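The values are calculated or read from the model by the stated rules, or taken from the named source; none is laboratory data. What you see is a predicted model; the values in this text were computed from it and never measured. With ideal geometry, Cβ positions are generated from the backbone for all residues, glycine too; neighbour counts draw on all protein chains shown.
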Amino acid sequence: MSITFEKSQNTFYLDGKGVTYALYINEVGYPCHMYFGAEITHDGLRHTRGVGRTSRTATPPGMDVGKYSYQNYLPEYAFFGTGDFREPAVVVENSTGDRICDLLYDSYEILPEKPAIVGMPSMRGGETLVIHLRDKISNIGADLYYTVYDDCSVIARRAVIRNYGDTACRLHRAYSFSMGLPGQDYNITTLHGGWACERNMETIPMHHGVVSVDSKRCSSSDTLSPFMGIFPSTTSEHLGDAYGVCLIYSSSFVLTAEGVVSGDTVITGGINDFNFTWKLEAGESLETPEALIAFSDEGIGGMSRAFHDAYRNHLINPRFVNQSRPIVINNWEATYMDFDTDKLKAIVDSVAGTGIDTFVLDDGWFRVRDDEFCSLGDWKVNGNKLVGGLKAIVEYVHSKEMRFGLWFEPEMVSEDSDLFREHPDYAIGMPTRERCYTRHQFVLDITREDVRDYIVNTVNSVIRDNNIDYVKWDCNRHVTDVYSVGREADRQAEFAHRYALGLYDLCERIVNANPNVFFEGCSSGGARFDGGILYYFPQIWTSDNSDAEDRTRIQYSTSLIYPLSSMSCHISTVPNHQNNRVTKMSTRADIAHLGATGYELDTTKLSAEEIENIGKQVEEYKQTEELILRGDLYRIDNPFESNFFTEMVVSKDKSEAILCAYRRQTNANPEIKRIRLSGLDKRKMYRIAERDITASGATLMNAGMVIHFPNEDYISVVYHIREI
């Protein structure tokens, strides 16, 4: 890992694990993107760029016509008003009312370690280059941060926009980065979805103009995720160059890929500029969220492994990232809100001795919460349901040598609640308008410090006073009626970003006040599955849909970015509560074991044999958990494109692996299913006990093997591969 400035070339080289990122300060002072890809030597890169078309291109202010144009250089941070007609990363309205900007090179510094972003989550560690840009007329500045790592093939990028002037200005766009890629022969892959069908892969060819994904919901990843894959058309899962961009951010975002007239592609993004204006007073600055940019020359799978290493090594809470995960039994699909202490104790008793080590009490434990119409925000125990209060059931669970978990939805309030009756202004919305309902609840205005103080004090009190070990933090609706009571009219368009800052402040004050409590994120399933949440919560409920068939696609596409250990994957009952499908429990377990596993069903209704099988499943998971926590993922069969879903997880030293293969549908005369294994050491010898196979890694990866499926629909097999 190193950052060097080659003065003779006026070029910065950033060398990380197997990658080089290079940028050049041209004669005008414009920082130009030169290269991001497999590691190269520092020979100079000017020969890789051409002048391009010059007809009717605007020159930078004061330059001779035809000699230079911003259009002919790939940007590191594009701006508006001085001849660059591509998507700008920043739009500034100056005190004069103009939006002209000319952010040119001023100086640089190289830091031994990346500083944290003020008020937002970000990657830890890594040598960091800071390029200081300045507009000499308006005195607006931008500091561009670049961080490289010696253990993952990523670049972390962000910008800090500064007002060095004497008067206020307004930011109408404040993206985190710009980056150019040569050519336009790319496919753009994004992830779309909705409740119970999160993160479906969608790929389109790059074209002239703008391809964009965004959220306007003050949330990250329900309908579209803050991710964009940029893959040359020849790239596959295992071969070829692959670029990926993912924002470490949990509110309204945008990512764009623009095919420009030069034949190149410009990638940019950050805070969504829809309904966004940020007033920047004299002397103030605005930090943008961090963008993580991965590269691999080992295909899309290599890009994913780069992201996984980055999140595990430098983002997820180090207290928990490699710790054995709680194996949960959650009461939600067992009882919903219809429970009492005796019902909960019966569930706990039924799983005694199975290896399940955590009981989580879901929604319905507070005030008069028997349905979704009331009581959110009133975090006081319902004594009619829980005789003796929370402490009685907590102590009972602890007496069984299990941990106790509790569900909260801290950001929400019910109209029928003591909190709303006392403080209606705490809810987001215009007091003179009727608010929109979603799930019969409103969103608390966490942009306000007094609202955050209430949440922090009440949630921390419940956790502390009841000896809670595990918290499931839910968020079941998005923001509408965007308005904050008490905030100035000219600052209302700051709301979406301030919501993110408020959320992160809540997490800082609740998570850090309870350092030994395990926090799991949730948002009607996986509607807020992003790096910002993973910074605080080591795993996230991947989807409310735990059907094994649907989960093959949900978990496959989530793994494009996020490590298996970050995905909470439960085994639920059949017929499935979301789609009424019936699958074998062994299949449900095999798919759920490709993540942080747990159970979401009424175990009191299971037979003795089924309870015994749960014990065996937990034991099987424990044998492979180290692979789930630390291993490298190799995706073999894509369930979006075939009848099969196959994944391998291989230890870092390549001494062991697991292979999970799933077939959706069979027929009377099923085809032979042969696969080539991935990720093994070709020189090592391996044993696959389930198939009585002994072979070298070279043989298994090149000649492959046949998968033996039982002749059933929705069926899975798991093979354990160990070095001998």
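Going by what's in this entry, would Ile658 be described as touching a helix residue (DSSP H, G or I) at 6+ places or on another chain (Cβ under 8 Å), over 20 Å from Asp547 (Cα atoms), of a type in the set (A, V, I, L, M, F, W, C) and in contact (Cβ under 8 Å) with a residue 24 or more places away in the chain? Reasoning before the result, please.
Working: touching a helix residue (DSSP H, G or I) at 6+ places or on another chain (Cβ under 8 Å): yes; over 20 Å from Asp547 (Cα atoms): yes; of a type in the set (A, V, I, L, M, F, W, C): yes; in contact (Cβ under 8 Å) with a residue 24 or more places away in the chain: yes.
Yes; evaluated as a whole, the condition is true for this residue.
Out of all the residues in segment 485-496, which are surrounded by fewer than 21 Cβ atoms within 10 Å (Cβ to Cβ) and either of a type in the set (A, V, I, L, M, F, W, C) or without any contact (Cβ under 8 Å) to a residue 60 or more places away in the chain (or both)? Spell out the reasoning first.
So in segment 485-496, the residues surrounded by fewer than 21 Cβ atoms within 10 Å (Cβ to Cβ) come out as 485-493.
Passing the criteria: Val485, Arg487, Glu488, Ala489, Gln492, Ala493.
Of everything in segment 248-275 that's out of contact with any Leu (no Cβ under 8 Å at 6 or more places or on another chain), of a type in the set (Gly, Ala, Ser) and at pLDDT 95 or above, which residue is farthest from Thr447 (Cα to Cα)?
For segment 248-275, the residue satisfying everything is Gly259.
Would you mind finding the one in Ile117, Ile110 that is of a type in the set (Val, Ile, Thr), within 30 Å of Arg312 (Cα to Cα) and not in a loop (DSSP other than H, G, I, E, B)?
Details: Ile117 fails: not in a loop (DSSP other than H, G, I, E, B).
On inspection, the qualifying residue turns out to be Ile110.
For every residue, the table says whether it meets (1) in contact with a helix residue (DSSP H, G or I) (Cβ under 8 Å, 6 or more places away or on another chain); (2) assigned by TED's automatic domain parsing to the domain that holds Thr552; (3) farther than 23 Å from Met34 by Cβ.
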position: Leu171; (1), (2), (3): no, no, yes
position: Gly183; (1), (2), (3): no, no, no
position: Gly194; (1), (2), (3): no, no, yes
position: Pro205; (1), (2), (3): no, no, yes
position: Val213; (1), (2), (3): no, no, yes
position: Val245; (1), (2), (3): no, no, no
position: Ile248; (1), (2), (3): yes, no, yes
position: Leu255; (1), (2), (3): no, no, no
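So, in segment 383-409, exactly how many residues are assigned to a loop (DSSP other than H, G, I, E, B) and either surrounded by fewer than 20 Cβ atoms within 10 Å (Cβ to Cβ) or modelled with pLDDT under 95 (or both)? If you could, list the steps in order and put the result at the bottom.
Kept after step one, since they are assigned to a loop (DSSP other than H, G, I, E, B), are these residues of segment 383-409: 383-388, 400-402, 409.
Okay, now just the ones that are also either surrounded by fewer than 20 Cβ atoms within 10 Å (Cβ to Cβ) or modelled with pLDDT under 95 (or both), so 383-384, 387-388, 400-401.
Qualifying residue count for the region: 6.
Which of the residues belonging to segment 640-675 are of a type outside the set (D, E, K, R), farther than 30 Å from Asn317 by Cα and surrounded by fewer than 22 Cβ atoms within 10 Å (Cβ to Cβ)?
Across segment 640-675, the qualifying residues are Phe640, Ser642, Asn643, Phe644, Gln665, Thr666, Asn667, Ala668, Asn669, Pro670, Ile672, Ile675.
Name, by its number, the condition in (1) modelled with pLDDT of 95 or more; (2) more than 23 Å from the chain's Cα centre (by Cα); (3) polar (S, T, N, Q) that does not hold for Ser212.
(2)
Anything in segment 415-438 that is within 22 Å of Val381 (Cβ to Cβ) and of a type outside the set (S, T, N, Q)? List them, or say none.
At the first step, the residues of segment 415-438 found to be within 22 Å of Val381 (Cβ to Cβ) are 415-423, 426.
Across segment 415-438, the qualifying residues are Glu415, Asp416, Asp418, Leu419, Phe420, Arg421, Glu422, His423, Tyr426.
From the list Ile3, Ile40, exactly one residue is at pLDDT 95 or above and surrounded by fewer than 20 Cβ atoms within 10 Å (Cβ to Cβ). Which is it? Show your work before the answer.
Numbers: Ile3 fails: surrounded by fewer than 20 Cβ atoms within 10 Å (Cβ to Cβ).
One residue alone meets the criteria, Ile40.
Can you pull out the residues in segment 569-594 that are without any contact (Cβ under 8 Å) to a residue 60 or more places away in the chain and either under 15 Å from Ile347 (Cβ atoms) or surrounded by 24 or more Cβ atoms within 10 Å (Cβ to Cβ) (or both)?
Cys569, Ile571, Arg588, Ala592
Based on this model, can you work out whether Ser568 counts as farther than 18 Å from Met201 by Cβ, under 24 Å from the mean Cα position of the chain (by Cα) and either outside any loop (DSSP other than H, G, I, E, B) or not aliphatic (A, V, I, L, M) (or both)?
Numbers: farther than 18 Å from Met201 by Cβ: yes; under 24 Å from the mean Cα position of the chain (by Cα): yes; either outside any loop (DSSP other than H, G, I, E, B) or not aliphatic (A, V, I, L, M) (or both): yes.
Considered against the rule, which asks whether it is farther than 18 Å from Met201 by Cβ, under 24 Å from the mean Cα position of the chain (by Cα) and either outside any loop (DSSP other than H, G, I, E, B) or not aliphatic (A, V, I, L, M) (or both), Ser568 comes out as yes.
How about segment 524-551: which of its residues are assigned to a helix (DSSP H, G or I), closer than 21 Å to Tyr714 by Cα and in contact with a Cys (Cβ under 9 Å, 6 or more places away or on another chain)?
Pass one, segment 524-551, residues assigned to a helix (DSSP H, G or I): 531-536, 548-551.
Filter once more, so that each one left must be closer than 21 Å to Tyr714 by Cα: 548-551.
Of everything in segment 524-551, those that are assigned to a helix (DSSP H, G or I), closer than 21 Å to Tyr714 by Cα and in contact with a Cys (Cβ under 9 Å, 6 or more places away or on another chain) turn out to be Asp550, Arg551.
In segment 597-613, what count of residues is obtained for those that are over 20 Å from Trp541 (Cβ atoms), among the aliphatic types (A, V, I, L, M) and surrounded by 15 or more Cβ atoms within 10 Å (Cβ to Cβ)? Steps first, answer last, please.
So the first thing to find is which residues in segment 597-613 are over 20 Å from Trp541 (Cβ atoms), and the list is 604-613.
Within this subset, residues satisfying the condition of being among the aliphatic types (A, V, I, L, M) are 606, 608, 611.
Within this subset, residues satisfying the condition of being surrounded by 15 or more Cβ atoms within 10 Å (Cβ to Cβ) are 606, 611.
Total satisfying the criteria: 2.
Taking segment 89-110, which residues are under 23 Å from Val254 (Cα atoms) and β-branched (Val, Ile, Thr)?
Val90, Val91, Val92, Ile100
Can you tell me how many residues within segment 236-281 are part of a loop (DSSP other than H, G, I, E, B) and basic (Lys, Arg)? Break it down stepwise before answering.
If we filter segment 236-281 for residues that are part of a loop (DSSP other than H, G, I, E, B), which is where we start, we get 236-239, 241, 249-252, 260-264, 272-277, 281.
From what is left, the residues that are basic (Lys, Arg) are none.
Total meeting the criteria: 0.
Take the residues of segment 6-36 that are closer than 18 Å to Glu127 by Cα and among the small types (Gly, Ala, Ser): which is surrounded by the fewest Cβ atoms within 10 Å (Cβ to Cβ)? Lay out the reasoning, then the answer.
First pass over segment 6-36, keeping only residues closer than 18 Å to Glu127 by Cα: 6, 11-23, 36.
Okay, now just the ones that are also among the small types (Gly, Ala, Ser), so 16, 18, 22.
Values: Gly16: 25, Gly18: 17, Ala22: 22.
By that ranking, first place goes to Gly18.
Suppose we keep only residues that are in a strand (DSSP E or B) and among the basic types (Lys, Arg) within segment 145-202. Which one would you say is surrounded by the fewest Cβ atoms within 10 Å (Cβ to Cβ)? Talk me through it step by step, then tell me what you get.
The initial filter retains those residues of segment 145-202 that are in a strand (DSSP E or B), namely 145-148, 154-163, 169-181, 186-192, 200-202.
Next cut, among the basic types (Lys, Arg) only: 157-158, 162, 170, 173.
On the way: Arg157: 23, Arg158: 26, Arg162: 19, Arg170: 17, Arg173: 24.
Per the criteria, the residue is Arg170.
Look through Ser236, Ser225, Ser221, Ser212 and report the one residue that is surrounded by fewer than 22 Cβ atoms within 10 Å (Cβ to Cβ), in contact (Cβ under 8 Å) with a residue 24 or more places away in the chain and farther than 16 Å from Gly302 by Cβ.
On the way: Ser236 fails: farther than 16 Å from Gly302 by Cβ; Ser225 fails: surrounded by fewer than 22 Cβ atoms within 10 Å (Cβ to Cβ); Ser221 fails: surrounded by fewer than 22 Cβ atoms within 10 Å (Cβ to Cβ).
One residue alone meets the criteria, Ser212.
Going by the structure shown, is Ser95 free of Cβ contacts under 8 Å to residues at least 60 places away in the same chain, in contact with a Ser or Thr (Cβ under 7 Å, 6 or more places away or on another chain), small (Gly, Ala, Ser) and in the same structural domain as Thr277 (by TED's automatic domain parsing)? Talk me through it step by step, then tell me what you get.
Details: free of Cβ contacts under 8 Å to residues at least 60 places away in the same chain: no; in contact with a Ser or Thr (Cβ under 7 Å, 6 or more places away or on another chain): yes; small (Gly, Ala, Ser): yes; in the same structural domain as Thr277 (by TED's automatic domain parsing): yes.
No; evaluated as a whole, the condition is false for this residue.
Would you please name the residue that is surrounded by the most Cβ atoms within 10 Å (Cβ to Cβ), looking only at residues in segment 552-565 that are in a helix (DSSP H, G or I) and aliphatic (A, V, I, L, M)? Outline the logic, then answer.
Residues of segment 552-565 in a helix (DSSP H, G or I): 552-558, 564-565.
Filter once more, so that each one left must be aliphatic (A, V, I, L, M): 554, 564.
Working: Ile554: 26, Leu564: 23.
So the residue we want is Ile554.
For Asp371, indicate whether it is within 25 Å of Ser484 (Cβ to Cβ), part of a loop (DSSP other than H, G, I, E, B) and in the same structural domain as Thr438 (by TED's automatic domain parsing).
Working: within 25 Å of Ser484 (Cβ to Cβ): no; part of a loop (DSSP other than H, G, I, E, B): yes; in the same structural domain as Thr438 (by TED's automatic domain parsing): yes.
Answer is no for this residue.
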